[in-house]
Amino acid sequence: MIHHIVRMKPKADVTPEQIDEVLACLREQGRVIPAVTSFTVGREHGTGFDFGAVFVIEDLDGYWEYLIHPAHTHTDRVGLPLAERIETYDVSDDEDPDFGPRIAALHHRRYAADPELAALVAALPAAGR
């Protein structure tokens with residue numbers, strides 16, 4: 001089981017409507033990506049981030065499906081340019097010591113296949129990656 005966590009602090013000039021759009025995109029991911037078994041999207045409280053999401057995914061095959069799904073790609077294109085700081089990480093109960101590197105390899109594969117996305121990620125503030 002993988003819990004994929006996303007946390008974001010938007011840039012100072014981002015409007016409430018833009019934040020609502022990113023939240024709507026995150027919720028849509030949870031609803032339409034078949035690999036997502038459950039999800040939570042909302043405002044964060046007392047963390048230094050403004051909002052976040054948690055997506056529960058069964059395994060690495062599902063994680064890849066999540067990463068390349070058009071709903072996820074759309075959220076990246078809407079949300080990444082608005083981020084002052086963004087943090088993503090994964091929590092898993094899989095005890096394989098190579099599990100983390102396998103997740104990282106999926107991200108690298110995704111960025112290699114999508115130069116536009118790789119450029120959006122590269123443009124994030126260094127502390128926000």
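Any read-out appearing in this document is the output of simple, stated calculations on the displayed coordinates, not a laboratory observation. All figures in this text were calculated on a predicted structure; none of them were measured in a lab. Methodologically, a virtual Cβ is constructed for each residue, glycine included, from the backbone with ideal geometry; neighbour enumeration extends over all protein chains shown.
Entry for region 1-44 at q = 0.15, 0.16 Å⁻¹: log10 I(q)/I(0) = -0.43, -0.48, Debye formula applied to identical alpha-carbon scatterers, no solvent contribution. Averaged over residues, the count of other Cβ atoms within 10 Å places the peptides 14-24, 39-49 in the sequence 14-24, 39-49, highest first.
Can you give the local net charge around Pro34? Use residues other than it whose beta-carbon is closer than 12 angstrom to its beta-carbon, Lys and Arg +1, Asp and Glu -1. With Lys, Arg at +1 and Asp, Glu at -1, the net is -2.
Taking amide H positions as modeled 1.01 Å from N, with prolines and chain starts lacking one, the residues under 5 Å from Thr37 and 5 or more places away or on another chain are Val56, Ile57, Glu58.
Only helical DSSP H runs with n ≥ 4 go in: add -39500 (n - 2.57) per run for the chain, normalise by residue count and round the 222 nm mean residue ellipticity to 500 deg cm²/dmol. Display every interim value, and only then the final one.
Working: 5 runs with 59 residues, N = 129.
Mean residue ellipticity, 222 nm, calculated: -14000 deg cm²/dmol.
Given region 76-129, report the % of alpha carbon pairs whose separation exceeds 14 Å. Beyond 14 Å sits 60 percent of the P(r) for region 76-129.
Between the helical axis of 99-113 and the longest alpha-carbon principal axis of the chain there is an angle of about 60 degrees.
With Rg and the Kirkwood Rh both taken from Cα atoms, where does Rg over Rh land for the chain?
Working: Rg = 14.1 Å, Rh = 15.0 Å.
Using only Cα positions, Rg/Rh for the chain is 0.94.
Between 0 and 90 degrees, rounded to the nearest ten: what's the tilt of helix 16-32 against the longest Cα principal axis of the chain? Once rounded, the angle reads 20 degrees.
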